[in-house]
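Remarks on the structure that follows.
Coordinate-derived values only; no laboratory data. Note that the coordinates shown come from a computational prediction; the quantities given were computed from them, not determined experimentally. Cβ atoms come from the backbone with ideal geometry, glycine included; neighbour counts cover every protein chain shown.
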Amino acid sequence: MAKNRPVPPADWNGRPRVNAPPPSATPPAQEPAEPKDRPARLTVGVVGAGRVGPALAASLQLAGHRPVAVSGVSDASRRRAATLLPDVPVVPPAEVLARAELVLLTVPDDALPGLVEGLAETGVVRPGQLLVHTSGRYGTGVLDPARRAGALPLALHPAMTFTGTSVDVQRLAGCSFGVTAPEELRLAAEALVIEMGGEPEWIEEEARPLYHAALALGANHLVTLVAQSMELLRSAGVGAPDRMLGPLLGAALDNALRSGDAALTGPVARGDAGTVAAHVSVLREHAPATVAGYLAMARTTADRALAHGLLKPELAEDLLVVLADGSSAADGESSR
């Protein structure tokens, strides 16, 4: 769960409020304010009702902010907006910016620069308006056209996979956010993330692509690997591959997060070249599309196991020969 940090006594520009008590002062005892009664509540708009935007806006609504507008083109995006943000009108992007003090730009990465430039050129960006994008790839530099128009830029990327349903709001509790913000807006960025139940993790502007590549490598490729594994288990006659894999993969993930490379097990880490050769052979026969991925991951696993002293050099030689032969055979088949 997120740590209970107090929201800093600052306005949304990150400046201390004039009437804020000094940090050492003891505030008078009072009943906790309801979300709607807390200070600095913002009207919230969403440009791009994909899987992320409505969930973040719904989470901010729980913290007392008020969603007032959302834009979405496809039927799916409109359904998501209706489910997570009922009674919030669906309007064009320019109208979202006209109505909202805090605007979430939740569009695909490749569409973000053009969207920001277009909004800035049409003059709909207002001075003092908080403009937040959720791209993992970009920092705040992509928001420069809007910043020149007076917007306050934040990059808040939730390190979470989204389904487009209400479960996403619950998953934000304790979720890390990759945050990039100008120094004067760091307090505002931290406050927003904490209000959504998340944990801010500060990422430098130039480190954003590396940060995002790391998350994609772990989360996106994991889905591909698990889906392939389930397909192979079904082909092998397993009736409930999800039930078989769940405890195994859960334990593997837990071990990896705790111990890193020391958690490596299996035929590659042991140097069982014969077993790996049998795997390659049966995969080539029954699921040739999986061979290239298996070989690539096996080579990477072997390299890491060697580097960490888990794979004995004398066993690695035969294993690497098998992997090289398998790769050559796969290349030969793909060139036919």
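Inter-label distance, R78 to T163: 2.5 nm, where each label sits 7 Å from its Cα along the C-beta direction. Taking each DSSP H run with n ≥ 4 as -39500 (n - 2.57) and averaging over every residue of the chain yields -14000 deg cm²/dmol at 222 nm.
Just how many % of Cα pairs in region 275-320 lie over 16 Å apart, if you round to the nearest whole percent? Present the calculation step by step, with values, prior to reporting the outcome.
On the way: 423 of 1035 pairs.
Of the Cα pairs, 41 percent sit more than 16 Å apart.
About its Cα centre, the dipole of region 210-334 is roughly 380 debye, where the only charges are +1 on Lys and Arg Cβ and -1 on Asp and Glu Cβ.
Under a point-charge model restricted to the Cβ atoms of Lys and Arg (+1) and Asp and Glu (-1), what is the dipole moment magnitude of the chain relative to its Cα centre, in debye to the nearest 20? Show your work: numbers first, answer last.
Values: 29 positive and 36 negative charges, 178 e Å.
For this selection, approximately 860 debye.
Extension gain, R234 to E95: 0.36 nm times the residue separation minus the Cα-Cα distance gives 45.0 nm.
How large, in Å, is region 198-336 by the Kirkwood hydrodynamic radius built from its alpha-carbon pairs? Hydrodynamic radius (Kirkwood, Cα only) of region 198-336 equals 17.0 Å. A Förster distance of 45 Å, applied to the separation of the beta-carbon atoms of R126 and A278, puts the FRET efficiency at 0.10.
At 25 °C and a viscosity of 0.890 mPa s, what translational diffusion coefficient does Stokes-Einstein give for the chain, taking Rh as the Kirkwood radius over Cα pairs? Give it in µm²/s as a whole number. Don't skip to the end; give the middle numbers.
On the way: Rh = 23.1 Å.
Value of D from the Cα-based Kirkwood radius: 106 µm²/s.
Dividing the alpha-carbon radius of gyration of region 38-203 by the rule-of-thumb value 2.2 N^0.38 Å gives 0.92. Taking 0.36 nm per residue of sequence separation and removing the Cα-Cα distance, the A252/A219 pair yields an extension gain of 10.5 nm.
Put simply, when 228-234, 42-48, 263-269 are sorted by average Cβ atoms within 10 angstrom per residue, most first, you get 42-48, 263-269, 228-234. Based on Cα contacts under 8 Å between residues 6+ apart, the chain shows a relative contact order of 13 percent.
Dipole magnitude for region 213-278: about 80 debye, using +1 per Lys or Arg Cβ and -1 per Asp or Glu Cβ, origin at the Cα centre.
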